[in-house]
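Written below as structure tokens is the structure these notes are about.
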Amino acid sequence: MRKITAKVVSVYLGSPGELGKEPRPFLQAELDGFVGDRHKSYSRQAWVGDKQPEGTSRRNERQWSAVSVEELAEIQRTMDLKEPLTAASLGANICLSGVPHLSRLPKGTILIFPSGAELMVEEYNPPCLSMGRELASIHTTNSGQPIQDTAFSKAAHYSRGVVGVVEVAGIINAGDDVTIKPYARPKWATL
């Protein structure tokens, strides 16, 4: 894959205990995450579905999360939502435009910002039932039908964005251009 140039539409921070996040003009990326964000840490507790038993202290591969406006629009359309689906309501730190298949970027992809900050993709961010319940409680459909708790998980399959770690500290501003270098297997690497 070749480089992708995208735009930072908006940036967000979240407080402990809240699924959603609040808009900010910029984020300060440190090597353990974004200053002031609830996911800032070198470690986290494993939960159900992780490789380790629930509660195990492990490396935090989820220091940040990002979504794209293109994928948000597709989820909104699939769920028939009357109100716009936002990065803040999904609990994302960064909302990008110009990356319609953000969720499919491979592990090891690097996002490079003008300040020199670099973020590395660790994995796709799968939709979860608790977020589905939260969205069902705050959104309505165009048709007036109630939203099922599982609607988000079905609509956002492979389109909820990505999570990762901070590779290089720096500032990330709303409005920044970002260069995305998708991971490519080195030519010398063989199986």
**OP:** Please state which of the following conditions residue 57 fails to meet, knowing it meets all the rest: (1) touching a Lys or Arg at 6+ places or on another chain (Cβ under 9 Å); (2) among the hydroxyl-bearing types (Ser, Thr, Tyr); (3) closer than 30 Å to residue 147 by Cα.
**Re:** (3)
Original post:
Which members of the stretch 143-153 meet the condition of being surrounded by 11 or more Cβ atoms within 10 Å (Cβ to Cβ) and either out of contact with any Gly (no Cβ under 8 Å at 6 or more places or on another chain) or farther than 18 Å from residue 68 by Cα (or both)?
Top reply: 147, 148, 149, 150, 151
**OP:** Could you grab me the full set of residues in the stretch 64-80 that are hydrophobic (A, V, I, L, M, F, W, C) and either outside any strand (DSSP E or B) or in contact with a helix residue (DSSP H, G or I) (Cβ under 8 Å, 6 or more places away or on another chain) (or both)?
**Re:** 66, 67, 69, 72, 73, 75, 79
**OP:** Just name the residue that is farthest from the chain's Cα centre (by Cα) out of those in the stretch 58-83 that are of a type in the set (Lys, Arg) and more than 27 Å from residue 30 (Cβ to Cβ).
**Re:** 82
**OP:** Test residue 97 against the criterion of being touching a Lys or Arg at 6+ places or on another chain (Cβ under 6 Å), hydroxyl-bearing (Ser, Thr, Tyr) and touching a residue at least 24 places away in the same chain (Cβ under 8 Å), and give yes or no.
**Re:** yes
Original post:
What are the residues in the stretch 11-36 that are at pLDDT 95 or above and either within 18 Å of residue 131 (Cα to Cα) or touching a Pro at 6+ places or on another chain (Cβ under 6 Å) (or both), if any?
Top reply: 12, 13
Original post:
Quick one: in the stretch 82-132, which of the residues that are touching a helix residue (DSSP H, G or I) at 6+ places or on another chain (Cβ under 8 Å) and part of a strand (DSSP E or B) is surrounded by the fewest Cβ atoms within 10 Å (Cβ to Cβ)?
Top reply: 97
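If you take the residues of the stretch 158-174 that are more than 17 Å from the chain's Cα centre (by Cα) and small (Gly, Ala, Ser), which of them is surrounded by the most Cβ atoms within 10 Å (Cβ to Cβ)?
Of the residues in the stretch 158-174, the ones more than 17 Å from the chain's Cα centre (by Cα) are 168-171.
Keeping just the survivors that are small (Gly, Ala, Ser) gives 169-170.
Values: 169: 15, 170: 17.
Only one residue fits best here, namely 170.
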Original post:
What is the number of the single condition among (1) in a loop (DSSP other than H, G, I, E, B); (2) at pLDDT 95 or above; (3) of a type in the set (Asp, Glu) that residue 61 does not meet?
Top reply: (2)
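The values are calculated or read from the model by the stated rules, or taken from the named source; none is laboratory data. All of these numbers come straight from a predicted model, not from anything done at the bench. Virtual Cβ from ideal backbone geometry, glycine too; neighbours counted across all protein chains shown.
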